[in-house]
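Shown next, in structure tokens, is the structure this report addresses.
Laboratory data are not the source of any read-out in this text; all were calculated from the coordinates shown. Predicted, not measured: the structure shown is a model, and the values here were computed from it. As a convention, Cβ positions derive from the backbone with ideal geometry for all residues, glycine included, and neighbour counts pool all protein chains shown.
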């Protein structure tokens, strides 16, 4: 019911399926030709038909997006005032954009640091062109500006993401936000993103990350910022004719001498020309003598400089701006100061006219109407710009810089204070102290975002420090903007409460993402603060804020609360993280991902760089002992060596012909040992880049590490072996029976070998190769290991996400960390051992302080849960772990029974009455009698094949296997029946799995028939009573009676449904198809309701016993409670690590399970019209 198939995954599956099919067809044709003597003509005909069919299947399997024209976001600015096209520049910008060859196009100036040349205007003009709109399905715009960095930049990107996706992610790192933005833009099809006014490489980097999913158009006044390979278009002074058109636009004819002098004195600089044109148009509107006004402007320009402006001279440009601005300001008379007062607003933001009017009413007593008229006048004079359709004002950064200089520091402080006083007077309680800023209207978004900036500008340091940690303010900003907005405020102060809150957000901010309903994130804040004593006031306020609304309350301590040893969580490495390397000094952490090497700064948590390596193998990385060289490999076995100071490639080593399993440096860093999937081990001399040796080992070898005396340690399917590279001989290291080694580490002095696997930790003394020194069974199912640089500490990680520290002098465990909600993939220490980095299957990187590790944690009992099930009466809860099913007493949350299995459990399901529990395994289903838990019955596939999609109801158990469904009746324990689907009829019943015809004619008919109806991928859902079954067959759902297996009804859809779900009372069948939920009445089999839903990414779900609620767990690790009638989300709770399932124990109690174990919740429905009962933002 809840599959989520991303577009990129479908494309990969389509390509893989097409490739495999093409290979099969080619082989079949070749065999037929060779064995039947067919002529070459028949062969060619079949080959052509094969290629055509493969192409058709690729077209059918690949998702397509209807192109109904471009979506141009309203944030694209429209040129205001006089506008003069510059076609010679526009053509140079448009050409690479339309060609599709340039991933980035930059509009810059030949003068570093110079603005006002019209880069933004050109970019906006390009976005409005019909050919650009026809080419790009999505066009968006973001303005950066000189002052936007860090959390503020991340929030700017979050704004973009929210526009595209409708959900605000709350990412605190600009780089992580950039990666997420790129994913969304890629899904949009061919997209154009304009990044306007970039000042630093730090600002540009996140957008380069996003640019992997779109085309970037970058405007910057710093030419060197443009990335290598970007198509650069230099925009400087206008041509003489363009300058004439701009300065005289909308004016009567100017005397030629005046006009030409204006061109010389403005240097044909678009900003100065526009300001001059604004002043002249104002004079014409007022009936003044335009020529006289132009003469006055010329005199002012001449007084401030030479007779011609050299635009390459920054000082002269400043004087020209001052002269032209003063000409415009001069016509305002005593209202000139109102313009100067605009200097208090932040750079590159749209200033609401209402706030401007508030300021002017405070400083000059202007009425709102007078303020609006003055705003119109400023726009006419080109002193400010306005986006089409709005009254908001925006200052050009050069104009703002001039106004701030005119204002001076002391006056700026006074103006900030006056502005704050004016705003405070509009609040519901204007005289209250401290000012209750959290009662600002919800519509005042600008103030919510910039209030801390104004408090800092007003030098109200104490008020600012109090506000940014004030519970009402924090809660209001969290529910509206997410944790990033809070982090922006906290960055402005240096107090102990701010530091405490910052640390909490570093650890848990990724779980505090504002969504719908917005009160859910406040509840999550309250529950996750339960163990943070120093933030008790914030927790109490958060609890008060959610009183009366639907919410999830943990009944027991959450298993995913941050371990005390946690420093910070790093996200942004999509999917499972495998290969990583931590620099010896801890200054960077490198991770191999599918598009390159991503580098984090552990201290700040910032993703600081993406090293381009498009074909990198994300399973192998190696760092030299001194940290100066990083080795990576691509999928074809080519090795690259990177200088970690410059992150440029220093050497490329070629010799392998297939992908690599392992990379390792020698202790002196002079040699590199490489192992490929064919079992070739090569030795490379790094100073020369020459391969100096090699030998062959078993192809199953997957790790290669140097040890003492020039020997190499290799791990293959038979265990550990010490090889002599020169002789090509080896010694097998002894191991205990049934040991299976997963990973291996060698101490820095190459004395100790630590092998980890399913039976625990095996320790070898490398100097005594034939002796197993220790076998430590303290912890099983280990997956990763790493030694500290002094060799005194070993860290191991396991499938349960636990990291254990060992003292190598005593080989006793010294501490443990509950690290990940999935298996630990890699571990690495800094040189001084003070920080441990871990990567996990939950897609996160985490940094730890080993000194804070605890001696005992509780996850041994509950961790690593794959599935769960509970009956309607909630009398027991069963959870699937690695090799067992544990049955809990829901009242005490204590285990009652443990059912052990050989091999893993993929799915658990139970009947409504709870009499039977079914556990899906690889090729069988184990059915347990819940009255006697240790009594079970194994249901094996009749043909010994794999099973999937377990479904149980009443006495009927079903599994699917490609083209058929196997059904058992566990009431009679009779032999199973096999169900297949006919071309047009209903289900067909068989005693055995039908054999597939193997004649050449039948095979070719099946191969070439469109839709491939002879191969059915069936999926069955059993009604809770077991009386009927729904079988999905392509775009059909076949409803059958399980007593007779007669087809009762066939439901046909336009596209293949993603899944189906039967309401426990069997009143409705819910089908997820084409992004909608269709409710079918099971009495009349008519469609009664259709809902759009945002829960298509749900991966598991469970109905409440009363059928009024549905709990789902989603791909984004959230537990959501939905109203079963409207499908509206009532509340949600985000969990850390993998989340695999959920189950109700009663109408108000449920659990969610995953990598961290079992989370026990009480669902509180709240008041019928429950509203938060704490202080809330004012009304709009």
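Relative to its residue count, the range 793-918 spans a Cα convex hull of 130 Å³ per residue. Which of rounded, prolate, oblate describes the range 741-797, given a ≥ b ≥ c as roots of the alpha-carbon gyration tensor eigenvalues and a/c under 1.5 marking rounded, otherwise prolate only if a/b is larger than b/c? Here the range 741-797 falls in the oblate category.
Quick note on the range 331-463: its Rg to Rh ratio, both from C-alpha atoms and Rh being the Kirkwood radius, is 0.94. For the range 1096-1156, treating each Cα as an identical point scatterer without solvent, what Debye log10 I(q)/I(0) comes out at q = 0.18, 0.21, 0.30 1/Å? Values returned for q = 0.18, 0.21, 0.30 Å⁻¹ are -0.54, -0.73, -1.36. Across the alpha-carbon set of the range 638-753, the Rg to Rh ratio works out to 0.97, Rh being the Kirkwood radius.
Legend: P(r) of the range 1044-1096 from all alpha carbon pair distances, 5 Å bins from 0, whole percents, reading 5, 19, 28, 27, 16, 4, 2, 0.
Based on the Stokes-Einstein relation at 25 °C and a viscosity of 0.890 mPa s, and on the Kirkwood radius from alpha carbon pairs, the range 712-778 is assigned a translational diffusion coefficient of 204 µm²/s.
Over the range 156-312, the ratio between the Cα radius of gyration and 2.2 N^0.38 Å evaluates to 1.45. Structural descriptor for the range 801-951: relative contact order 12 percent, calculated from alpha carbon pairs under 8 angstrom and at least 6 residues apart.
Give the distance, in whole Å, between the Cα centre of the range 523-542 and the Cα centre of the range 715-762. If you average the Cα positions of each part, the centres end up 48 Å apart. Over the Cα atoms of the range 432-551, the radius of gyration divided by the Kirkwood radius equals 0.94; this is the Rg/Rh ratio. Cα gyration tensor of the range 361-429, axes a ≥ b ≥ c as square roots of the eigenvalues: rounded (a/c below 1.5), prolate (a/b > b/c) or oblate? Verdict is oblate for the range 361-429.
Could you estimate the translational diffusion coefficient of the range 786-856 from the Stokes-Einstein equation, with Rh from the Kirkwood formula over C-alpha pairs, at 25 °C and 0.890 mPa s, in whole µm²/s? Estimated via Stokes-Einstein, D reaches 207 µm²/s. The residues 628, 477, 188, 1046, when put in order of fewest to most other Cβ atoms within 10 Å, stand as 1046, 628, 188, 477. Along its three principal directions, the equivalent ellipsoid of the range 416-474 from the Cα gyration tensor extends over semi-axes of 15, 13, 12 Å, largest first. Computed as a quarter of the hull surface, the mean projected area of the alpha carbon convex hull for the range 578-701 stands at 7.2 nm². Each principal axis of the Cα cloud of the range 733-850 was taken in turn, and the coordinate range along them, longest first, works out to 39, 32, 19 Å.
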